[in-house]
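The values are calculated or read from the model by the stated rules, or taken from the named source; none is laboratory data. Note that this is a predicted model, so its numbers are computed, not measured. Here Cβ is always computed from backbone atoms with ideal geometry, including for glycine, and neighbour counts include all displayed protein chains. Remember, those area values only see protein heavy atoms, side chains included, never the ligands or the DNA or RNA. Shrake-Rupley method; radii C 1.70, N 1.55, O 1.52, S 1.80 Å.
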There are 4 protein chains.
Amino acid sequence: MLKIGVVGYGYWGPNIVRNFNALDDSEVAFVCDQNPEVLKKVSKLYPNIECLTSCEEALASNSIDALAIVTPVSTHYPLAKKALEQGKHVFVEKPFTVTTAQADELCNLAERKNLVIMVDHTFLFTGAVRKIKDIVDKDELGSVLYYDSTRVNLGLFQHDVNVVWDLAPHDFSIMNYVLKDKPTGIVATGKAHVGEFENIAYITVYFDNNLIAHFAVNWLSPVKVRNTLIGGERKMLVWNDVDPDEKIKIYDKGIDVTSKEGIYKLLVSYRSGDMYAPRVDPMEALKLEANYFVDCVEKSEKPFNSGIEGMQVVQMLEACNESIKAGGKVVKLD
Amino acid sequence: MLKIGVVGYGYWGPNIVRNFNALDDSEVAFVCDQNPEVLKKVSKLYPNIECLTSCEEALASNSIDALAIVTPVSTHYPLAKKALEQGKHVFVEKPFTVTTAQADELCNLAERKNLVIMVDHTFLFTGAVRKIKDIVDKDELGSVLYYDSTRVNLGLFQHDVNVVWDLAPHDFSIMNYVLKDKPTGIVATGKAHVGEFENIAYITVYFDNNLIAHFAVNWLSPVKVRNTLIGGERKMLVWNDVDPDEKIKIYDKGIDVTSKEGIYKLLVSYRSGDMYAPRVDPMEALKLEANYFVDCVEKSEKPFNSGIEGMQVVQMLEACNESIKAGGKVVKLD
Amino acid sequence: MLKIGVVGYGYWGPNIVRNFNALDDSEVAFVCDQNPEVLKKVSKLYPNIECLTSCEEALASNSIDALAIVTPVSTHYPLAKKALEQGKHVFVEKPFTVTTAQADELCNLAERKNLVIMVDHTFLFTGAVRKIKDIVDKDELGSVLYYDSTRVNLGLFQHDVNVVWDLAPHDFSIMNYVLKDKPTGIVATGKAHVGEFENIAYITVYFDNNLIAHFAVNWLSPVKVRNTLIGGERKMLVWNDVDPDEKIKIYDKGIDVTSKEGIYKLLVSYRSGDMYAPRVDPMEALKLEANYFVDCVEKSEKPFNSGIEGMQVVQMLEACNESIKAGGKVVKLD
Amino acid sequence: MLKIGVVGYGYWGPNIVRNFNALDDSEVAFVCDQNPEVLKKVSKLYPNIECLTSCEEALASNSIDALAIVTPVSTHYPLAKKALEQGKHVFVEKPFTVTTAQADELCNLAERKNLVIMVDHTFLFTGAVRKIKDIVDKDELGSVLYYDSTRVNLGLFQHDVNVVWDLAPHDFSIMNYVLKDKPTGIVATGKAHVGEFENIAYITVYFDNNLIAHFAVNWLSPVKVRNTLIGGERKMLVWNDVDPDEKIKIYDKGIDVTSKEGIYKLLVSYRSGDMYAPRVDPMEALKLEANYFVDCVEKSEKPFNSGIEGMQVVQMLEACNESIKAGGKVVKLD
């Protein structure tokens, strides 16, 4: 029975507590939050879970095997560092850390102490993303030419990060998971209409090969859009996550290039065949992820959404901020 | 009765001929095309229209008052120049010219000779764009914060220009028409998957004020999207041009910022009211535009889609190409 | 504090218990179900609620003021009768009873004993239905000409009633609530593809005036449709309950009849104006209804969804069955 | 070269003339219409086609092999009869005739004189209906359980027939073509809100087997719906004719009935798999049909949309009217 402490009981914390507490092989030992009001709710719902208001106390606790960190991103690094130093496994909210350097340090620390870090990229456990990875892995789309994602709605303005750090971690982690290619450069543009943090941004990601990716994120859209296009040489995929029934559609559409002898002789013909929408398993993503964390800890396995993968996302987010500040220059990734 | 010669009878030419020929106050005197096959179609449909295969002959003709140029963009400048020199008014396909310098020269020439140049930005004559301009002009949206356009589908690969020059002229001309703000900088990224011309591109446009604009264009999308969001301080507008019934929706949605004393005290509250979809006049855009050209010529008036406006679009297209070539740097516009 | 007993903890029972238990002015005293397994769940979630397996015990209990009956429809009458006889108020699932005679007897009994009967037509408490009633009451649509409802999906086959008794009570209760007209006749057709109960049915309802209503219900549809059209002389309304954002749309569309001097002189002209989608309050319908029940009991008021209204729905359901059995004849309602 | 005369140049006539005139193997010899204004248009567009204002003259003409009758339905019988008597083949608008008796007489006459009658059920030549027939013929859906069609919009009020005679011929002819089952009874209800002809109607069609069909037709709907569901034991098909891209969707959804030992032991389990949307050929239906008529005449073949099939539709329309007049009784078909 894995014993887990949870720090932070804000928007997402309740889901973390509910899921880890419901698993057969784990239980939540305590919940720590600075706000006594929210702890009252915890006591009511879970009389057996201890409530703490001091982080120090939480970190000093010997009653747990792992710490789930569900606090603002700026606190991830100090909390995770202390937890790892005290031999606790760490489950941490996305984005992993504020800087790549912090992420790197935590990864090394976990490596040395043989501890698990899992970054909570919940989307990787949805039926839709699993199905998309399947399709790409089976090479159904052929060589992927572009990845185009739009994630916009009338969103909650964050007080400590911009819209890129709020929304793009989802899409960066999904793309990194689904495709095998490694980003090499980023160009980002954006605007802060309220306060100092950008509420709208556009990000282009380059790769060493033919692939190009683009991400639109926006907190000020009147309509909710969760749309991803993956264009392959053979087929093309559209993932509309707000469609209740047909989230994924695969189009047998594309072009056939029959000659390449110079620009005026290039013969492009169009192909337009059937479309199909595979059934998507309505799995509970966070439940699967919580279970996977417990498994990884028990088997001492490195998860596929470990600190390394979390760091790759942070590196992309850092590059976005640098590019936006410069008005849109290319920032290299290594 | 305005007599018009038409050069070029490819994809769009037949529509130009049909419309100018149907007007009460204009008639098509000749159609010129290098391909004798397409001229056969002209003869069949319009026995009274002369058919020419030589541009020189067309340009030398004294039978016309105006020349409609519906040829590839690289020929616009030489054809328009000759026509203006011979005292003909010019109706020219978008994009106006290959360079801003060419456009500038043509505008000056027309000015000197008191001739009309009209650039065929047909969308400005649709009921949808007219309605959007109305709404923005009446300040229904409040101060505009962003303009976000997506124009993608499995499109015809062009042999002489990239997807930006093919599709973005529509959106640039619409934005310039609808908003009063003048673009000051452009960042563009893109990729050529087939041949040398980009088939996918993303463009951010900056302004001196709070406004930001973005354009996604793509020839390799399995689905057709014609979507524009205009986010205002008061209301937000969505224009979905592929919706047969409700092309324009105005959302009484947004945020109210009640305090600005430092970032942590910023209070953002959400507003979500009714939506309405105004009736859009199903006018025939090209018919209206053809009629407007004849009017402008007869009254010696400068059209709102004159060479100047066409040149502004060309300047933006040039900046896109420069930015794409540099991998995404900011290119200033003046 | 109104004390409520709940009989039946199947599909809907848990929602009834949760809502009545959460109100400030009511609490659930006991839950009664024949299945000890489901009672375990009750004990776990609500340690303070008594669990009973015998209906006799439940009905004999003196600890309650009201009984909520959430059992199969055939048991509604005997349970409600006993409860009323013992002076308990009754909250009963739809459809109210198996026969109009049963419903009538219960209404009379409640009347005599001054007790409240409320039939759980939850939809009447949704934001959408409230908004529609508002619109109709304000005569925005003008005189209503037709009411057309489709409620189909791959639905749970019931073992004791046909699809009409399962799905149509929603629509009959909504129509009766929204419109003031009284049905005078019913023609219904249907088919039982599996077992003896119809899984697909079509119902026409006549009125004394110009109004006609139609209902399509189907357990074997691959797609979920919840669509209602209300056509008025002035405007027309479409309610699409599966649309997350724009459930209700009001169209300024219709016809103007300018002359009625004989059929060949009838001049019908079409009107097509704006559409608007009013904001719909995302209220929790069952919470509102539970609260309303407690209010009605406390103030000794007859609810607008009392036994009388429940009986009107049962009368329509009876007529449907009679018409279906006859292959589609008109069954008069009085 | 088949020479065709066309009587009637109203709404549909121009399409008939254009198509028959464009075929390699047929030409339009004359167009006859009582209105001289519309004949002016004919002269302008087709200088070589003779224009007649008198039906007698048209029928007496020796210059034609076949007569296309595109006039109001009440004139179909006398015109077709005369034409057949004079040895002309007949292409006639839907619905074929006003009564089954008329249709029968014409069929017999054509049979005797070895002439072709084709009833213009254009939908049978669309890519969508062809694809649906393919799918059903290949038994992809399994045994068909229901056929459910909705055809509504703000439609043109007809002055001589009700909405059933205007719209249902499309759906009756499609269903009869796609399914092999023969209708045995009809129940129809409807209402005339303007004038004497019903503008809204609902039709149930019975068969000897498990199948049930239903048709909703309405001239007073604010939205255009062209939707057909075909529910099979194995799969289910949805045809949405207003969807530009994915008109037909086939759902691998349904139920599995694993036991039939009495109603309470009936085990119904749900199946929900992939969906696919086959590519639909964007053929020009009327062109194909015109070509098919010429073929049938040349080869002396009976078309699959002959007078017999047209008569079956008329019989169903007659039954609808009889049922509507009786308020909704079952009318037997033989």
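Quickly run through the stretch A:123-137 and pick out the residues that are assigned to a helix (DSSP H, G or I), touching a helix residue (DSSP H, G or I) at 6+ places or on another chain (Cβ under 8 Å) and crowded, with 22+ Cβ neighbours inside 10 Å.
A:L124, A:V129, A:I132
Only one of (1) hydroxyl-bearing (S, T, Y); (2) open to solvent by less than 10 Å² (accessible area, probe 1.4 Å); (3) more than 30 Å from C:R234 (Cβ to Cβ); (4) touching a residue at least 60 places away in the same chain (Cβ under 8 Å) is not met by D:Y292, so which one is it?
(2) is the only condition that D:Y292 fails.
Just to be sure I understand, how many residues within the stretch A:138-154 are open to solvent by less than 30 Å² (accessible area, probe 1.4 Å) and either farther than 23 Å from A:E322 by Cα or among the aromatic types (F, W, Y) (or both)?
Residues that pass the stated criteria total 6.
Of everything in the stretch A:32-58 that's acidic (D, E) and part of a helix (DSSP H, G or I), which residue is surrounded by the fewest Cβ atoms within 10 Å (Cβ to Cβ)?
For the stretch A:32-58, the residue satisfying everything is A:E37.
When you scan the stretch D:193-209, do you find a residue that is more than 10 Å from chain C (Cβ to nearest Cβ), of a type in the set (G, A, S), surrounded by fewer than 21 Cβ atoms within 10 Å (Cβ to Cβ) and in a loop (DSSP other than H, G, I, E, B), even just one?
No.
Which condition number in (1) under 22 Å from B:N218 (Cα atoms); (2) at pLDDT 95 or above; (3) open to solvent by 30 Å² or more (accessible area, probe 1.4 Å); (4) not in a strand (DSSP E or B) is the one that A:H170 fails?
(1)
Can you confirm whether D:V161 is outside the structural domain of D:N240 (by TED's automatic domain parsing), outside any helix (DSSP H, G or I) and under 16 Å from the mean Cα position of the chain (by Cα)?
Working: outside the structural domain of D:N240 (by TED's automatic domain parsing): no; outside any helix (DSSP H, G or I): yes; under 16 Å from the mean Cα position of the chain (by Cα): yes.
Taking the combined requirement at face value, the residue does not satisfy it.
Results for (1) in contact with a helix residue (DSSP H, G or I) (Cβ under 7 Å, 6 or more places away or on another chain); (2) outside the structural domain of D:T150 (by TED's automatic domain parsing), shown as yes or no for each residue.
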position: D:M236; (1), (2): no, no
position: D:Y251; (1), (2): no, no
position: D:A277; (1), (2): no, no
position: D:E289; (1), (2): yes, yes
position: D:C296; (1), (2): no, yes
position: D:G327; (1), (2): no, no
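Confirm whether C:A29 is assigned to a strand (DSSP E or B) and either open to solvent by 10 Å² or more (accessible area, probe 1.4 Å) or without any contact (Cβ under 8 Å) to a residue 12 or more places away in the chain (or both). Walk me through it before giving the result.
On the way: assigned to a strand (DSSP E or B): yes; either open to solvent by 10 Å² or more (accessible area, probe 1.4 Å) or without any contact (Cβ under 8 Å) to a residue 12 or more places away in the chain (or both): yes.
So C:A29 fits the description; yes.
Inspect the stretch A:60-76 for any residue being buried (at least 21 other Cβ atoms within 10 Å of the Cβ), in contact with a Leu (Cβ under 6 Å, 6 or more places away or on another chain), farther than 22 Å from A:D295 by Cα and in the same structural domain as A:C296 (by TED's automatic domain parsing) and give the result as yes or no.
No, the stretch A:60-76 contains no residue that is buried (at least 21 other Cβ atoms within 10 Å of the Cβ), in contact with a Leu (Cβ under 6 Å, 6 or more places away or on another chain), farther than 22 Å from A:D295 by Cα and in the same structural domain as A:C296 (by TED's automatic domain parsing).
Please determine, by comparing only the residues of the stretch D:7-26 that are surrounded by fewer than 17 Cβ atoms within 10 Å (Cβ to Cβ) and in a helix (DSSP H, G or I), which one is modelled with the highest pLDDT.
Per the criteria, the residue is D:N15.
For the structure I just gave you, tell me whether C:M275 is surrounded by 20 or more Cβ atoms within 10 Å (Cβ to Cβ) and within 26 Å of D:V223 (Cα to Cα).
Yes; evaluated as a whole, the condition is true for this residue.
With the checklist (1) in the same structural domain as C:V38 (by TED's automatic domain parsing); (2) touching a strand residue (DSSP E or B) at 6+ places or on another chain (Cβ under 8 Å); (3) more than 17 Å from C:E309 (Cβ to Cβ) in hand, flag the one item C:N114 doesn't pass.
(2)
Using beta carbons and a limit of 9 Å, which pairs, at least six apart or on different chains, have the first residue in the stretch D:153-180 and hydroxyl-bearing (S, T, Y) and the second one open to solvent by 30 Å² or more (accessible area, probe 1.4 Å)?
D:S173/D:K94; D:S173/D:F123; D:S173/D:E309; D:S173/D:Q312; D:Y177/D:F123; D:Y177/D:K133; D:Y177/D:F304; D:Y177/D:E309
Would you check if C:K82 is assigned by TED's automatic domain parsing to the domain that holds C:S54, within 15 Å of C:E56 (Cα to Cα) and open to solvent by 40 Å² or more (accessible area, probe 1.4 Å)?
In short, yes.
For the stretch C:117-160, name all the residues that are modelled with pLDDT under 95, out of contact with any strand residue (DSSP E or B) (no Cβ under 7 Å at 6 or more places or on another chain) and among the hydrophobic types (A, V, I, L, M, F, W, C).
Result: C:L156, single match.
Looking for something at the interface with chain B (Cβ under 10 Å from one of its Cβ atoms), within 22 Å of A:E93 (Cβ to Cβ), outside any loop (DSSP other than H, G, I, E, B) and touching a helix residue (DSSP H, G or I) at 6+ places or on another chain (Cβ under 8 Å) - is there at least one such residue anywhere in the stretch A:140-149? It would help to see each step written out before you state the result.
We begin by selecting, within the stretch A:140-149, every residue at the interface with chain B (Cβ under 10 Å from one of its Cβ atoms); these are A:143, A:145-146, A:148.
Filter again for within 22 Å of A:E93 (Cβ to Cβ), leaving none.
Checking the stretch A:140-149: not a single residue is at the interface with chain B (Cβ under 10 Å from one of its Cβ atoms), within 22 Å of A:E93 (Cβ to Cβ), outside any loop (DSSP other than H, G, I, E, B) and touching a helix residue (DSSP H, G or I) at 6+ places or on another chain (Cβ under 8 Å).
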